[in-house]
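Take a look at the structure set out below.
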Ligand code: C2E
Ligand code: CA
Ligand code: CA
Ligand code: CA
């Protein structure tokens, strides 16, 4: 047993060291990523299945490092959040996304643009001013902007009033990854949320597990009763689509329709429509 414990101990110190080295390397590289033009934005369609039409997109951050290649947001966003770098990244992606939305708009395609905001951004004292100035600078109509927040961010943001101020800019708020946290719909009612985004994990298990199917239908039903829009994320199969439609959820996002793509590819999708 003692030997095993020793082994485990060494294993963990090694893991920790590798993690630390990687962490500081990543962070240093991230500091210069914007200036070195290594960041990009991809857009994933949000589809109204009744019309088989793209009604919006979600902007997702991409980082392509010259040596390390693509680094997944799940790896660098948490580090950016811890260190405060997310504020700079958040402003950057919002500006890109707003500029892009305006361009599509000017080309005759009015779609909503969703941007993910982290807790640090919501907590920042100049949140509202920052968003407002980016909207003004880019000329994007605020009614086309949607900010995606997680339940965690919602609880931590504490200042409900601030979210109302944000909403007063004319944009909408959407609750991401719904079902993975501890929020009840009753609790959420205190916040000015417009849309509930059902987490991929529910959609994934939907067609296999009857109790999850029942839970989903109940969430969709309750959310609608409370006047929320409902969108399902991570939709990959026709079977899932059928279940969602049966449950009354017609807004969807997922690989079934499209992966996140470049702005040029998305423009092609807007012009040609979805194939099905
Ligand atoms: P999220 O906001 O929940 O975004 C959805 C993630 O699921 C994206 O991963 C997307 O590519 C992926 N996805 C979409 N459809 C499907 C599907 O059908 N199947 C599967 N398996 N996956 C699907 P991605 O781009 O790697 O982003 C991961 C997370 O990183 C995001 O989760 C979000 O929390 C965070 N993130 C990305 N960009 C930003 C950003 O600009 N700001 C902030 N604060 N967070 C971001
Ligand atoms: Ca999201
Ligand atoms: Ca999500
Ligand atoms: Ca997620």
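The values are calculated or read from the model by the stated rules, or taken from the named source; none is laboratory data. If you're wondering where the values come from, they're calculated on a predicted model, not measured in any experiment. As a convention, Cβ positions derive from the backbone with ideal geometry for all residues, glycine included, and neighbour counts pool all protein chains shown.
Here are the numbers for the structure shown:
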| item | result |
| --- | --- |
| Residue within the stretch 154-172 that is surrounded by 14 or more Cβ atoms within 10 Å (Cβ to Cβ), within 16 Å of ligand 4 (Cβ to nearest atom) and at pLDDT below 95 present | yes |
| Residue tally, condition part of a loop (DSSP other than H, G, I, E, B) and surrounded by fewer than 19 Cβ atoms within 10 Å (Cβ to Cβ), over the stretch 39-53 | 3 |
| The stretch 173-204, residues that are under 27 Å from residue 134 (Cα atoms) and within 16 Å of ligand 3 (Cβ to nearest atom) | 173, 174, 175, 176, 177, 193, 194, 195, 196, 197 |
| Only one of 226, 274, 270 that is at pLDDT 95 or above and more than 15 Å from ligand 3 (Cβ to nearest atom) | 270 |
| Qualifying residue in the stretch 100-116 (condition: crowded, with 16+ Cβ neighbours inside 10 Å, touching a strand residue (DSSP E or B) at 6+ places or on another chain (Cβ under 8 Å) and over 25 Å from residue 196 (Cα atoms)) | no |
| Verdict on residue 36 being modelled with pLDDT of 90 or more, within 28 Å of residue 117 (Cβ to Cβ) and surrounded by fewer than 14 Cβ atoms within 10 Å (Cβ to Cβ) | yes |
| Where a residue in the stretch 249-260 is farther than 15 Å from residue 174 by Cα and its partner, wherever it lies, is away from ligand 3 (no atom under 13 Å from the Cβ) and in a loop (DSSP other than H, G, I, E, B), with Cβ under 8 Å and at least six apart | 250/49; 250/50; 254/236; 255/236; 256/236; 256/237; 257/274; 258/274 |
| Condition met for residue 231 (within 16 Å of ligand 4 (Cβ to nearest atom), under 18 Å from residue 58 (Cβ atoms) and touching a helix residue (DSSP H, G or I) at 6+ places or on another chain (Cβ under 9 Å)) | no |
| Residue list for the stretch 76-87, filter: exposed (fewer than 14 other Cβ atoms within 10 Å of the Cβ) and either within 16 Å of ligand 4 (Cβ to nearest atom) or closer than 14 Å to residue 116 by Cα (or both) | 78 |
| Of residues in the stretch 174-192 being within 14 Å of ligand 1 (Cβ to nearest atom) and on the phi < 0 side of the Ramachandran plot, the one modelled with the highest pLDDT | 174 |
| Some residue of the stretch 63-83 being more than 16 Å from the chain's Cα centre (by Cα), in contact (Cβ under 8 Å) with a residue 24 or more places away in the chain and assigned to a helix (DSSP H, G or I) | yes |
| Pairs, first within 16 Å of residue 52 (Cα to Cα) and at pLDDT 95 or above in the stretch 229-242, second away from ligand 1 (no atom under 11 Å from the Cβ) and part of a helix (DSSP H, G or I), C-beta under 6 Å, six or more apart | 232/244 |
| Condition met for residue 75 (at pLDDT below 95 and closer than 22 Å to residue 159 by Cα) | no |
| Lone unmet requirement of (1) within 15 Å of ligand 1 (Cβ to nearest atom); (2) at pLDDT below 90; (3) surrounded by fewer than 21 Cβ atoms within 10 Å (Cβ to Cβ); (4) part of a helix (DSSP H, G or I) for residue 265 | (2) |
| Helices (runs of 4 or more DSSP H) wholly inside the stretch 91-209 that include at least 1 residues being more than 16 Å from ligand 2 (Cβ to nearest atom) and in contact (Cβ under 8 Å) with a residue 40 or more places away in the chain | 127-138, 160-167, 185-188 |
